[in-house]
Amino acid sequence: MKTQVLITIDTEFSIGGAFADPERNRPVGPQAVMCEVGGRSHGLQFLLDTFAEFGTKATFFVEALNTHFFGDGPMADIARRIRAAGQDVQLHLHPCWTYFARPDWRERLRDDPPSDHMHSREVATLVAWMEQGIAAFERWGVGKPAALRTGSMMADMNVYRAMEAVGLRIASNIGFAMYQPRDPRLHLYSGLHRIGGIIEAPVLTYTDLAIGGKTHCKSLTVTGTSWGESRALLEHARREAVHTVVLLTHPFEFVKYTSPGFGNVQPNPMNQTRLRRLCEYLARHDDEFETVPVTALEVQTPDGRNTILHVPVHRTLGRILQNQWNGLRSA
């Protein structure tokens, strides 16, 4: 059996510091996704071009509640562009954007600040947000989504109950190293799992260093995981029969910038190289691996295996040095 690799891209606009200083800052729209430098996109278009070159299938989780500030146009254009490139478009929600639904949002900041979490919410509230996102997808002409990723990887059982209520069938809501749910049933590290009527494909959680007897967990991302670590994890997944590996990234990870408003944007060659090497490796080893969209999971039967993979210490130390060097060369 081939190992499925799901490259997932959270495609979202940025609050841009508007909640911290609304007089000076405004949310950032398409530039947070396109990441243009000198008229060339080092964000979304870099991703689409790389995937086309290597025949990579990916899923773009496109954030939809930003319509409360930007309206339909900006993200609709991006979602259609992704779909036209032959890639999967699914739903991503950051409820902090609903704060802009009230015209007095600036006055509310001191006494009633915005919250972006989707856990510890009533099912009815979650259903309303999901329905808003689904309606946006339908207005954009990209079809009703089948899958959801919650903002900041925050979820509890009510999220899955709300998903069932609105007809969403697949989730990638768990990133244990980013947010640890209180419910132990959601302590998921790898593989495929069934939560009620929902199939959950968590972002891969792995361990690298053990410091003071305490294991350090990380999520598989482009910025946080070197190519050497990614390759070691893929090989470990093969040995341990982990048949589904989920990676998380964002378009803005492939550039550097100096302010929340995306000032002084420059390409990030380290992260671009990491993604290209991953896609090239998967294409060369297509007898062992296949890249699939998240919708491919709907016809599969989750086995519930929950393996934690590990990377060698020397790979981790190499990544720390790489990232430090990349930081010194920041924009």
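The values are calculated or read from the model by the stated rules, or taken from the named source; none is laboratory data. As the structure is a prediction and not an experimental result, all values here were calculated from the model. Reconstructed Cβ throughout: ideal geometry from the backbone, glycine too, with neighbour counts over all protein chains shown.
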Does ALA210 count as surrounded by fewer than 17 Cβ atoms within 10 Å (Cβ to Cβ), touching a residue at least 40 places away in the same chain (Cβ under 8 Å) and over 17 Å from the mean Cα position of the chain (by Cα)? no
For the range 282-294, what are the residues that are part of a helix (DSSP H, G or I) and surrounded by fewer than 16 Cβ atoms within 10 Å (Cβ to Cβ)? ALA283, ARG284
Could you tell me whether any residue of the range 140-153 is modelled with pLDDT under 95, under 20 Å from LEU248 (Cα atoms) and out of contact with any helix residue (DSSP H, G or I) (no Cβ under 9 Å at 6 or more places or on another chain)? yes
Residues of the range 263-281 that turn out to be assigned to a helix (DSSP H, G or I) and not aliphatic (A, V, I, L, M), as a count: 10
State which residue is modelled with the lowest pLDDT when the search covers only the range 292-306 and only residues that are under 17 Å from THR8 (Cβ atoms) and polar (S, T, N, Q). GLN300
If you take the residues in the range 295-317 that are outside any loop (DSSP other than H, G, I, E, B) and out of contact with any Asp or Glu (no Cβ under 8 Å at 6 or more places or on another chain), which one is surrounded by the most Cβ atoms within 10 Å (Cβ to Cβ)? LEU297
Suppose the filter is free of Cβ contacts under 8 Å to residues at least 60 places away in the same chain and surrounded by fewer than 20 Cβ atoms within 10 Å (Cβ to Cβ); does GLY228 pass it? no
Which of the residues spanning the range 256-274 are more than 26 Å from PRO27 (Cβ to Cβ) and surrounded by 18 or more Cβ atoms within 10 Å (Cβ to Cβ)? MET270, ARG274
All but one of (1) more than 21 Å from LEU204 (Cα to Cα); (2) in a helix (DSSP H, G or I); (3) β-branched (Val, Ile, Thr) hold for VAL159, so report the exception by its number. (1)
Run down ARG139, ARG102, ARG80, ARG106 and say which single residue is basic (Lys, Arg), farther than 17 Å from GLY175 by Cα and without any contact (Cβ under 8 Å) to a residue 24 or more places away in the chain. ARG102
Which pairs turn up if I take residues in the range 50-73 that are farther than 19 Å from HIS250 by Cβ and look for partners that are β-branched (Val, Ile, Thr) with beta carbon separation below 7 Å, at least 6 apart in sequence or on another chain? HIS68/THR98
Between a first residue in the range 176-203 that is in contact (Cβ under 8 Å) with a residue 40 or more places away in the chain and a second residue that is among the acidic types (Asp, Glu) and buried (at least 21 other Cβ atoms within 10 Å of the Cβ), which pairs have beta carbons less than 6 Å apart while being 6 or more apart in sequence or on different chains? HIS193/GLU200
Name, by its number, the condition in (1) more than 18 Å from the chain's Cα centre (by Cα); (2) at pLDDT 95 or above that does not hold for ARG110. (2)
Filtering the range 117-142 down to residues that are more than 20 Å from the chain's Cα centre (by Cα) and not in a helix (DSSP H, G or I), which residue is nearest to ARG81 (Cα to Cα)? GLY141
Considering residues that are without any contact (Cβ under 8 Å) to a residue 60 or more places away in the chain, surrounded by 13 or more Cβ atoms within 10 Å (Cβ to Cβ) and over 16 Å from the mean Cα position of the chain (by Cα), the number found within the range 84-96 is 1
Does GLU235 satisfy being of a type in the set (Asp, Glu), touching a Lys or Arg at 6+ places or on another chain (Cβ under 9 Å) and at pLDDT 95 or above? no
Is the range 44-54 home to any residue that is crowded, with 23+ Cβ neighbours inside 10 Å and over 18 Å from TRP105 (Cβ atoms)? yes
